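The values are calculated or read from the model by the stated rules, or taken from the named source; none is laboratory data. Note that this is a predicted model, so its numbers are computed, not measured. Reconstructed Cβ throughout: ideal geometry from the backbone, glycine too, with neighbour counts over all protein chains shown. Ligands, DNA and RNA are stripped out before the accessible areas are found, and what is left, the full protein with its side chains, is counted by its heavy atoms. Shrake-Rupley method; radii C 1.70, N 1.55, O 1.52, S 1.80 Å.
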Amino acid sequence: SRSEKIILIPKDKESVWSNQVKSICPDRNGNMWISLGNDADLLPVIVCHNISSKKNRYYYNSVDPNSLPIKDEIRNLVCDSHNRMYCASRKGMVTWIADSISPSFRLYTIKDGLCNDFINEIAIDEKDQVWCATLQGLSVY
């Protein structure tokens with residue numbers, strides 16, 4: 001079997017967006033969600049790669065209030081049985097529905113009950129409970 005290189009970043013964005021893959025996660029529709037970013041001066045990006053069409057959709061922080069609400073490292077991505085995506089970051093947990101072309105992102109922080117905003121990793125159990133490993137303990141939603 002042959003390996004296939006997937007181009008994640010358009011040429012015109014190489015100087016702005018990070019190209020370092022941090023996490024990958026399939027959704028329930030056969031898309032692969034890829035988080036990019038660990039470079040101090042490049043913007044982190046979440047890429048939704050459609051495996052069938054090989055087309056990418058990009059989500060990142062911009063002036064649009066509906067854009068990805070974080071500007072720093074994306075630590076991991078997970079998807080629950082309802083196709084809701086979860087993203088761990090240094091600023092909290094971001095959620096959205098993977099089915100949406102224009103997702104509504106929501107940021108959860110200590111104000112919403114997290115032990116700490118710096119989330120190392122997120123896991124989903126068989127009951128669709130969300131487990132957040134933070135710098136100051138474990139939070140479960």
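A few points about this structure:
- Check on Asn31, touching a residue at least 60 places away in the same chain (Cβ under 8 Å) and touching a strand residue (DSSP E or B) at 6+ places or on another chain (Cβ under 7 Å): yes
- Any hit, the range 19-28, residues being modelled with pLDDT under 85, under 21 Å from Asp117 (Cα atoms) and either of a type in the set (D, E, K, R) or open to solvent by 90 Å² or more (accessible area, probe 1.4 Å) (or both): no
- Ile101 vs. criteria in contact (Cβ under 8 Å) with a residue 24 or more places away in the chain and under 21 Å from Glu126 (Cα atoms): no
- Residue satisfying all of: in the range 73-86; open to solvent by less than 10 Å² (accessible area, probe 1.4 Å) and touching a Lys or Arg at 6+ places or on another chain (Cβ under 8 Å); nearest to Lys127 (Cα to Cα) among these: Asn83
- Scanning the range 111-132 for residues that are open to solvent by less than 70 Å² (accessible area, probe 1.4 Å) and in contact (Cβ under 8 Å) with a residue 24 or more places away in the chain yields a total of 13.
- Counted residues, the range 1-15 - those being modelled with pLDDT of 80 or more and open to solvent by 70 Å² or more (accessible area, probe 1.4 Å): 9
- Here is the figure for the range 87-105: residues that are touching a Phe, Trp or Tyr at 6+ places or on another chain (Cβ under 7 Å), more than 12 Å from Thr134 (Cβ to Cβ) and open to solvent by 50 Å² or more (accessible area, probe 1.4 Å) total 1.
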